Amino acid sequence: MVDLPTLALFGMAALALTMTPGPDMLLIASRSASQGRAAGFATLAGIQAGTYCHALAAAFGLSQLFLIVPHAYDAVRYAGAAYLLYLAWKTVRSGAATIAPEVGGSRYPVGMMFRQGLLTNLLNPKMALFVLALFPQFVQPEAGSVALQILVLATVLNAIGLVVNGAVILGASRLGRIFAGRGSRFRRLPHYFLGAVFAGLAARLAFDARH
């Protein structure tokens, strides 16, 4: 099992990383502003489930496939970019007829939001490489099961992410309600912004070089 000093050090690193604005935070914030708190938390839950999947892949050595076989990395990267562009198109289309998140929340099933968050995370090979690079630094093979230690670290990362991104979700959903109360023109802005976020993430994934 991971000892407490190692967990504390990892927790500080995870807090610094989680509080740094990035693609996940931007996606969660824009989703919450356009579709409400439930959609934001469901998307976050999907992303965090994806983190567990990447952690398991790292534990069993599957993430190293992206380092060994560049074509596998590129295939997942382009599939992820295509999926994000599809989400951007769907979001912009729905934005033309959007209504306030609190009233229209039933139009966005939390299961669908969860699956979109999960797939967005799984189809981002950079996340796999991030887990592969960070987690082994805090794993102690002599302390027991490596897979269990990696899952514990993933749980710490997700717990900190829940607190930080939970605050982002609550704030962004409140802003979304403010826009929704200012007429149909302003009501559509969060949806268009979410569509732009999806498109921007797709471009970033498709054109960024692997580090």
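Data table
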read-out: Close pairs from the stretch 75-86: first over 18 Å from residue 47 (Cβ atoms), partner part of a helix (DSSP H, G or I), Cβ under 7 Å, at least 6 apart; value: 78/206; 85/199; 85/202
read-out: Failed item, numbered, when residue 20 is tested on (1) under 26 Å from residue 176 (Cβ atoms); (2) modelled with pLDDT under 90; (3) in contact with a helix residue (DSSP H, G or I) (Cβ under 9 Å, 6 or more places away or on another chain); (4) not acidic (Asp, Glu); value: (3)
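The values are calculated or read from the model by the stated rules, or taken from the named source; none is laboratory data. The structure presented is a predicted model; accordingly, all values stated were derived computationally and were not measured. Every residue, glycine as well, gets a Cβ built from its backbone with ideal geometry; the counts of neighbours run over all protein chains shown.
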